[in-house]
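Input: a single structure, listed below in structure tokens.
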Amino acid sequence: MLHNRQRRRALIAGAVTLATAALGIGLSTQFAGAQATTLRAAADAIGKDIGVAVDVNKLQSNTQYRNTIAAEFNSVTAENAMKWDATEPQDGNYTFSQADTLVNFAEDNGQSVHGHTFVWHAQTPSWVQGLNATAMRSAMVDHINTVANRYEGRVDSWDVVNEVVSDNNGAMRDSFWLRTMGEGYITTAFQTARAADPNADLYINDYSIEGDNAKSDTIYRLAQGLKSQNILDGVGFQSHLILGQVPSTMEANLQRFVDLGLKVRITELDIRLNTPADANELAQQAEDYRRVTEICAELADCSGITVWGLRDNDSWVPGTFPGTGAALLFNDDFSKKPAYTSTLNALGGGGTGEPTTTPATTDPATSTPPPGDGCTATLSVQSPWNTGATYSATVKANQALTGWRVTWTWPGSERISNAWSVTGTLTGATVTGANAAYNGTLAAGQSTTFGFNITKNDGSTASVPTVTCTPA
């Protein structure tokens, strides 16, 4: 039997033809390398998963929801349909109708499935929680065997255990699993899953472990032990993030798990902000999504990213964090947000998301440009580290523009290693950049952004040179 990822590669051309035809997207643009115009095409071009958490009820009832998922994503995860309360609500009484629907949909559309989740302290039926240690172990082993066996060869990877570390200084979560079975329940879960489906990738999954902190240190300790037994393949970083708070240590932290010989995966990405959102907040959200996507895209052992929901109104965030939301890539009407475009660009595609321009934040009464001053540009350091940094740049039009050009000279050893939303001669000491095809036309008072990473070798603080901007 072919592994689902192999089937996906074999079926992808036909599946995307059907999905894109439903949305009116030309197939010729889907596989145009760097010009890919869907998340799915861009991710496939670099061998990554771009996934989405799926509400099976909406998948069955909403045609646009279904078609968008088929066209834009090459991987799916059940938001709830594979959890214990959905698959075994009573002891030995298994119900797989919703999980089957999702897996069948994925196979029909050439998508992989990341399974979520076998063992979690939440959404586990009360009948499990009251068992003694022997009975609880038996119930867990039976549950994992039954679910994993059903989907063997059809689900590529599993979150075997979920959220096992507390928020208290990296201590183990005081769950009914830990109280009844001790920390060994984690090892038992992975041993059982490995035996039940030897070809599936097995992940330990948690939140607030993106940066280097006490909680991620505990996950690292657990990962070392499980990896040494050959029962762990990867670590899932949920990445339920807050606007402007992508950890500066995220890339280095993921790398330390890769250095153990593990895969890493962004499993539940959303970036919440206070609602209603303004244009500047949406621009920052786009930058945050770009940064997270770029980290995964540049790590060979990052298997992919799953966004935790399709549209903003599909998100769990507003119900849990009142007053916040707008956390995903699509608006409620399925239109693409700036974060969609930045994610697409970070995957190596480009061109079809919502424009990344933002309204001017200055008072229109005082924004009349001086004669000849066609545009201005500024740089800011977003995420510095020892040998490099991520920069964000803003170009503001002081008159109507059909293109722009920026220049600056680095005062030290800084050199651009990769850039997005800008073209030109970028790699030397003197930088000459120009707009991309989609962000050159600006009305007076509008602005647009681009960004880049730099490397440096002299130990200095990343500098912020003065930028000259001229109309092109």
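The values are calculated or read from the model by the stated rules, or taken from the named source; none is laboratory data. Just so it is clear, the model here is predicted, and its values are computed rather than measured. Here the Cβ positions follow ideal geometry from the backbone for every residue, glycine too, while neighbour counts run over all protein chains shown. Quick note on the areas: whole protein, heavy atoms, side chains included, nothing else; ligands and nucleic acids left out. Shrake-Rupley method; radii C 1.70, N 1.55, O 1.52, S 1.80 Å.
Each label point is 7 Å from the Cα along the Cα-to-Cβ direction; what then is the distance between the points at residue 332 and residue 93, in nm?
Rounded to a tenth, the inter-label distance reads 3.7 nm.
Suppose a student asked you for the relative contact order of the chain, using Cα pairs under 8 Å spaced at least 6 residues apart; what percent would you report?
The normalised contact order for the chain reaches 12 percent.
Can you give the accessible area per residue of the chain, in Å², using a 1.4 Å probe?
38 Å²
Kindly work out what percent of the DSSP beta bridges joining two residues of the chain are antiparallel, to the nearest 5.
55 percent
With θ set to phi - 60° and the Karplus curve 6.51 cos²θ - 1.76 cosθ + 1.60, what are the ³J(HN,Hα) couplings of the range 241-248 in order, to the nearest whole Hz, using x for Gly and Pro?
9, 10, 3, x, 10, 5, x, 5
How far apart, in nm, are the 7 Å Cα→Cβ label points at residue 278 and residue 423?
Going from the residue 278 label point to the residue 423 one covers 3.4 nm.
Please sort 160-166, 388-394, 218-224 by packing, taking for each peptide the average over its residues of neighbouring beta carbons within 10 angstrom, highest first.
Output ranking for 160-166, 388-394, 218-224: 160-166, 388-394, 218-224.
At a 10 angstrom cut-off on C-beta neighbours, averaged per residue, how do the peptides 178-189, 458-469 rank from highest to lowest?
Descending mean neighbour count gives 178-189, 458-469.
Going by amide H atoms built from the backbone, whose H comes under 5 Å of the H on residue 109, apart from near neighbours?
Under 5 Å from the amide H of residue 109: no residue qualifies.
Between beta-carbons, use under 13 Å as the cut-off and find the net charge around residue 414, counting Lys and Arg +1, Asp and Glu -1.
Summing Lys and Arg as +1 and Asp and Glu as -1 gives +1.
Give the long-range amide H neighbours of residue 405: residues separated by 5 or more places, or on another chain, with amide H under 5 Å away, using H modelled in the peptide plane at 1.01 Å from N.
Placed amide hydrogens put 470, 472 under 5 Å from residue 405.
Enumerate the lysines that residue 263 could reach by cross-link, defined here as Cα to Cα under 22 Å, with residues fewer than 8 away along the same chain left out.
Result set, ordered by chain and number: 48, 215, 227.
Any idea how far apart residue 301 and residue 152 come out in nm if each label point goes 7 Å out from Cα toward Cβ?
About 2.8 nm separates the two model spin labels.
Can you give the convex hull volume per residue for the Cα atoms of the range 268-324, as a whole number of Å³?
Spread over its residues, the Cα hull of the range 268-324 gives 77 Å³ apiece.
Which whole-number percent gives the relative contact order of the range 406-472, counting Cα pairs below 8 Å spaced six or more residues apart?
Computed value for the range 406-472: 45 percent relative contact order.
How large are Rg and Dmax for the range 194-288 when calculated on the C-alpha trace, in angstrom?
Calculated on Cα positions, Rg and Dmax stand at 15.6, 50 Å.
In what sequence, highest mean first, do 202-210, 446-454, 313-321 appear when ranked by Cβ atoms within 10 angstrom?
Ranked from most to least packed, the peptides come out as 202-210, 446-454, 313-321.
By how many nm would the segment from residue 108 to residue 217 grow when fully extended, if each residue of separation counts as 0.36 nm and the alpha-carbon distance is taken off?
35.2 nm
If the reach is capped at under 14 angstrom between alpha carbons, list the aspartates and glutamates near residue 336, excluding any in the same chain fewer than eight residues apart.
Candidates past the 8-residue exclusion: 72, 312, 354.
Give the carbon-plus-sulfur fraction of the accessible surface of the chain in %, rounded to a whole number; probe 1.4 Å, heavy atoms of protein chains only.
Of the solvent-accessible surface of the chain, carbon and sulfur hold 50 percent.
Determine the calculated [θ] at 222 nm for the chain from helices alone, applying -39500 (n - 2.57) to every DSSP H run no shorter than 4 residues and normalising by the residue count; nearest 500 deg cm²/dmol.
Rounded to the nearest 500, the figure is -10000 deg cm²/dmol.
Consider the candidate values (1) 24.0, 74; (2) 23.4, 81; (3) 26.4, 92; state which one is Rg and Dmax of the Cα atoms in Å computed from the structure displayed.
(2)
Would you pull out the residues with amide H under 5 Å of residue 417's amide H, same chain only if 5 or more places away, H placed 1.01 Å from N?
Residues meeting the amide H criterion: 453, 454, 455.
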